[in-house]
Structure formats: C-alpha cells, structure tokens
Amino acid sequence: MFGLFRKNKLVKIRSLNETTKHGVAATSLKELLKKGSKLLQVPLVGSHICLYEDGTELSEDYFRSLPDHAELVLLAMDESWSGFVCDIGRLLDTDRNSDLLIDAAKGLLTDERSPKRRKLLGELLLHLKDSSETENREDDEDWFQGIDVRFKTKSAYMKYNCESRIRGYMKEVDSYAQTIQKPKLKAEYKKTAESLVMQLKSDKYNGCYFNRTEKELNRLCTKDGWFSCQGAFDQDECISLHSINPYGNRESRIVFSTWNLDHRNLCPRIEKKRTVIPALVEALQNRKSRNINLDYFYKLLFTRENLKLVHIVCHKKSAHDLLCDKRNMYKWGKRK
C-alpha cells in the first residue's frame, strides 16, 4: 500500500550497444525494468540494470538510494557491464565510426579551453587519424611531406631512417681513430673499422629493424608498424608502456625521430662511447686486428643483441659503468 505513494525517481538509462541515454521515471527497480525493456527493446526476462560508472548491479534497496539523474545501463540476460571502461574499449576497437569520432573530437577541441582536456583531445585526434594501412606515396601524400621523392613507400623510408642511425654509430667508431696517438695502434684500429663497415654493408646497415615488411624476427615493429618502448638500459621493460606507429601519420613519423636506439647488452648492458670502443682499442693494444673477435664487437655496436628501442623519456644518458667481457674480445684460437 505504501508503495503507491513512493516518489518517482528520474534516471538516465541506455542499452549496452547504444550510447543515447533516455530519461525514465520509476518508483521501483521492477517498474524501471519494465519501462526500460519496452523503451530500449530489451527482453524483460533475465534483464538487469547496472550503474554506468562502475557496473554495480542494482537491487531494489540500491535503487531507492540512487540520486536523481543517475546514469544506468539496461542489460539482457547474457550481457554484462564493467563500467565506463566498456565504452573506452569500444572506442579503441572502432573503425567504422572513426570519421564521426574525428569530427566530434575536432568540435570539442575548438571550444575547449582547459589545457589538460585540449591535450587529451589532441592525442585522441592524433591516433584516430591513422593511415597505417596505406604504404605508397600516392595513397598518403601528407605522410611524405618533407621526404625526398626517391622514397615511394613508407617502408622504404623507415628502412632508410634506421640505416641512417646505424651509419651514425659507425661514424662515431671512425672518428674515434683521431684520439689514438700511437701510429701502429691507429692503423690496426682503422683496419678493424674497415672490417666493421664491410659487415654493415653486407647486412644493409640493419635497416630491417624499422621495416614492417621484413620477417618478424628481423624487425622491431608489428606488421602494422607499431613500435613498443623496450625500457631504459637498466630495465627489462618500459614501465610507462610507451608505443608509437610512425607509419600512421606524419606527426607520429616526426615524433618517432626522438626515440633512441640505446646500447645495452644482455648481461651486462654496454654503451658504445664509454665502453665498447675503448675496449676495442684496448684489445688492439695486445693483439693484431686479425686476432680480434670482430663479431663480438659488431653485435655490441650495431645489432639488436645490444640495441634497445626506447622512448626519449626512457633514454638515460648517465654513465652505465659496465665493462665488456674480455673473454669474448679475442678469437678462441689466439687467447692465452
């Protein structure tokens, strides 16, 4: 009898697969289920209602404690809701509605004044404007702005980008010869450097690392072009979960240039300027260049065995204070 005099509670309700919210007034959860099922065309049998925010399922007592205009989700028997994170998941999986999302984000960004919200909307727009499925210049001319016309595909340019970084490392090896004072030692060092160059040319300067068309074992990215930060030299993985797809759009391609191929070793981690090159010079003081284990130094300097791709935030420039393994610096047959 007292239920007849219960006050209507006004709530906003939606179904699982729709984002439009409807205002519904009800005095009980049972009444809300009936009205909502009819309005949203959800089968009444087995239906249930959850809070939009965190997915808590409503009971009659919980319903009575709700504030007006609470946001709810009406679910069929086999459906579930984990909170607003479900909407985020749908957003991440969206392809067909990406144009609508881009237009909506642009509209919000135009009127937004909060720096924090503008940054979030800007990041969303950057990742929504993804054209990573295109490969050729004529299909994504914006991506190729500022790139020499000889590059006809994204993969060709990214391969060149990696090659350029490895060439830069080789240039540092070459320039170190100027710091060596002893003529004989300098000559042996130059011979070793020439051998390293020959190996690099044979391996095409390991440009395969950035080329998404390469075999999985040879590249650092997915077949779609996504790169993941591998963490600082003293970490096993990136705690910030940095990732980027330079194949996606021009801005991401430019930002990717700030990512570093950081030198490390499986155990210990080794960096080239402070450790690897001086160790090579030290080895040449005791042996001829022909007795040096060139493959060991080559792997430390130029291959993914001792290279980690890291976001600029994870790139630590402090001294690593670690040494090369002297047991591997010479060829087996020449060691004492």
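The values are calculated or read from the model by the stated rules, or taken from the named source; none is laboratory data. No experiment lies behind these values; they were computed from the predicted model shown. Glycine also receives a Cβ, built like all others from the backbone with ideal geometry; neighbour counts cover every protein chain displayed. Heads up: the accessible areas ignore ligands, DNA and RNA and are worked out on the full protein's heavy atoms, side chains in. Shrake-Rupley method; radii C 1.70, N 1.55, O 1.52, S 1.80 Å.
Observations, loosely collected:
- The residue pairs whose first member lies in region 185-211 and is under 18 Å from PRO278 (Cβ atoms), whose second member is of a type in the set (S, T, N, Q), and whose beta carbons are closer than 6 Å, counting only pairs six or more residues apart or on different chains, are GLU188/SER289; LYS191/SER289; THR192/SER289.
- When VAL276, VAL281, VAL255 are checked against the criterion of being within 16 Å of the chain's Cα centre (by Cα), part of a helix (DSSP H, G or I) and not aromatic (Phe, Trp, Tyr), a single residue qualifies: VAL255.
- Top-ranked residue of region 229-243 - restricted to ones that are touching a residue at least 24 places away in the same chain (Cβ under 8 Å) and touching a strand residue (DSSP E or B) at 6+ places or on another chain (Cβ under 6 Å), ranked as most open to solvent (accessible area, probe 1.4 Å): GLN230
- The residues on offer are ARG274, ARG269, ARG290, ARG253, and the sole one that is open to solvent by less than 70 Å² (accessible area, probe 1.4 Å) and either farther than 29 Å from TYR157 by Cα or modelled with pLDDT under 90 (or both) is ARG269.
- Residue in region 204-218 that is open to solvent by 30 Å² or more (accessible area, probe 1.4 Å), closer than 15 Å to SER132 by Cβ and modelled with pLDDT of 95 or more present: yes
- Restricting the search to helices (runs of 4 or more DSSP H) fully inside region 84-177 and requiring at least 2 residues that are at pLDDT 70 or above and out of contact with any Leu (no Cβ under 6 Å at 6 or more places or on another chain) gives 85-92, 115-128, 154-175.
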